[in-house]
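In what follows, a single structure is set out as structure tokens and then discussed.
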Amino acid sequence: MYVCVCKAITDHQIRAEVQQGACSMRQLQLRLGVASTCGRCAPCARELLMSCLHEVERAEPSQSRLASVS
């Protein structure tokens, strides 16, 4: 599904970036441009980011990235 309509960014792209190491909204903004135009997608993108980080945390409990989320 599209998370950011302004930049045509999907949930799959955000999930892929988290798998590649993105662990903050700032990193998603720099890598994808999400929430950098109108900002209306920011709450949804942040929620998806947190969900993805929790999934990663469950899969790799010794490598927590949740502490660096901003």
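The values are calculated or read from the model by the stated rules, or taken from the named source; none is laboratory data. Treat the numbers as computed from the prediction; the structure is a model and nothing was measured. Cβ sites come from the backbone with ideal geometry, for glycine too, and all protein chains shown count toward neighbours. Calculation scope for accessible area: heavy atoms of the full protein, side chains included, ligands and nucleic acids excluded. Shrake-Rupley method; radii C 1.70, N 1.55, O 1.52, S 1.80 Å.
When only residues in the stretch 27-64 that are of a type in the set (D, E, K, R) and surrounded by 13 or more Cβ atoms within 10 Å (Cβ to Cβ) count, which is nearest to the chain's Cα centre (by Cα)?
46
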Can you tell me how many residues in the stretch 1-24 are assigned to a helix (DSSP H, G or I) and either without any contact (Cβ under 8 Å) to a residue 12 or more places away in the chain or open to solvent by less than 10 Å² (accessible area, probe 1.4 Å) (or both)? 4
Under 6 Å between Cβ atoms, at least 6 apart or on separate chains: pull out the pairs that start in the stretch 45-61 with a residue that is over 16 Å from residue 25 (Cα atoms) and end on any residue that is in a helix (DSSP H, G or I). 57/66
